[in-house]
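Working notes, beginning with the structure itself.
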Amino acid sequence: MPLSIHLSIHFLVAVLVGYSASLYFKKRSITFIAAIIGGFFIDLDHVLEYFLYYGPHFNLNYFLTGREFLLSDKIHLFFHAWEYIPILLLVSYFLRKRRNLAIFVFTLCLAGSFHLVSDVFINKYPFKFYSISYRASQNFLSSNLLSPEQYQKNLESKEYLGI
Ligand SMILES: [Zn+2]
């Protein structure tokens, strides 16, 4: 699936989550901002992954081909993790007396959950792929985390790109 469609799906789902939460909580700007951050900007960990590998140097073409994943042979994706869901739910519960903040954290969590579920379907990764403790247990290694077919595709891309 092209990246533009993938990102549009995330954006649309985030807007829908923001809209539903705004109907429920009657706090339009808070819910929309939280939903866009949790459901769309969660993908900024791809950018983080890039800079972790390349340092302060940016090449859009490298980024778009996911070259850092291919060269490092690792997948961290620090913001993509089921583990944050119960943590954020607890945080929002403990903040319940500060209603706006609690609504923000709750909506962030809801949008993030929808994002991860969409990623499971779009990327055809198993559920456990989006557990950060699982990825850590595999040393974040692509060869352990991807299916043999998906890993083979990485190898072919490397060969194609001559890297
Ligand atoms: Zn994502």
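Only the coordinates and a few stated rules stand behind these numbers; no lab work does. Bear in mind that the values here come from a model prediction, so they are computed numbers and not experimental data. Positions of Cβ are backbone-derived with ideal geometry, glycine not excepted, and every protein chain shown enters the neighbour counts.
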Have a look at the range 1-90 and give its Rg and Dmax from the Cα atoms, expressed in angstrom.
-> 15.6, 47
How far is helix 28-39 tilted, in degrees, relative to the longest principal axis of the Cα atoms in the chain, given as a value from 0 to 90 rounded to the nearest 10?
-> 20
Which Rg and Dmax, in Å, describe the Cα atoms of the chain?
-> 17.2, 56
Scan the range 27-98 for trypsin sites (Lys or Arg not before Pro) in coil per DSSP, keeping those whose Cβ has at most 13 other Cβ atoms within 10 Å, and list them by number.
-> R96, K97, R98
Rel. contact order, % - alpha carbon contacts under 8 angstrom, at least six apart, the chain = 27
Could you work out how far the C-alpha centroid of the range 97-116 sits from that of the range 126-163, in angstrom?
-> 30
Sequence-distant lysines (8 or more away, or on other chains) whose Cα lies within less than 19 Å of K124 | K74, K153
If you line up the long axis of helix 84-94 against the longest principal axis of the chain, both from Cα atoms, how many degrees apart are they, to the nearest 10?
-> 20
In terms of Cα to Cα distance under 12 Å, which aspartates and glutamates are near enough to K158, apart from those fewer than 8 places away along the same chain?
-> E68, D73
0 to 90° range, to nearest 10: angle between helix 3-25 axis and the chain longest Cα axis = 10
